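Just so you know, all these numbers are worked out from the coordinates, no wet-lab data involved. For clarity, every value in this text was computed on a predicted model and none was experimentally measured. Glycine gets a Cβ as well: all are built from the backbone with ideal geometry, and neighbour counts include every protein chain shown.
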Amino acid sequence: MGDESRFELPQGTLDLLIMRVVALGPIHGYAIAQRIQQISRDALQVQQGSLYPALHRLEYKKFLASHWKPSETGREAKFYELTARGRTHLKSETENWARLIGIVGLIFEGTLEGV
């Protein structure tokens, strides 16, 4: 039996979560994964094998920009920031998710009579 508190994210959700965390201010990859885990109360653990390809994908789409600078450990790390294009995309996708959650909620709250 699997751990019921963990689940697979629907396609594209990780990108949105990353962008939401990066919107709070410049942050390096490892800290992004930590923040997602922390905010989700350990329900979501982003593996490096998923995180870094997502960061590269978001940079390629020009939703994120990056630069190297010393991290809190003093070692150089790549810090990511949301671009203006990324902010626009994040706003749009967040609105889409809110609508979808509302619609799915209506369906789940409805009765299953006749089914």
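How far is helix 13-22 tilted, in degrees, relative to the longest principal axis of the Cα atoms in the chain, given as a value from 0 to 90 rounded to the nearest 10?
The angle comes out near 50 degrees.
Report, largest value first, the span of the C-alpha coordinates of the chain along each principal axis, in whole Å.
Principal extents (largest minus smallest coordinate, Cα): 62, 37, 20 Å.
Just want to confirm a number: the relative contact order over the chain, from Cα pairs under 8 angstrom separated by 6+ residues, in percent. Could the numbers behind the result be given before it?
On the way: 101 pairs, mean separation 29.1, N = 115.
Value for the chain: 25 percent.
What stretch of the chain, leaving out the sites themselves, is the longest with no GluC sites (Glu not before Pro) in a DSSP loop having at most 15 other Cβ atoms within 10 Å? Kindly include the intermediate steps, with their values, before the conclusion.
On the way: sites that count: E4, E8, E72, E113.
Counting at most 15 other Cβ atoms within 10 Å as exposed, the longest clean stretch of the chain is 9-71.
Going by alpha carbons, how many degrees (0 to 90, nearest 10) lie between the helix axis of 84-109 and the longest principal axis of the chain?
Helix 84-109 sits at roughly 20 degrees to that axis.
Using only the alpha-carbon atoms, how far is helix 29-39 inclined from the longest principal axis of the chain? Give it as 0 to 90 degrees, nearest 10.
40
Check A77: other-chain or 5+ apart residues with amide H under 5 Å from its amide H, H built from backbone geometry?
Residues meeting the amide H criterion: K69, S71.
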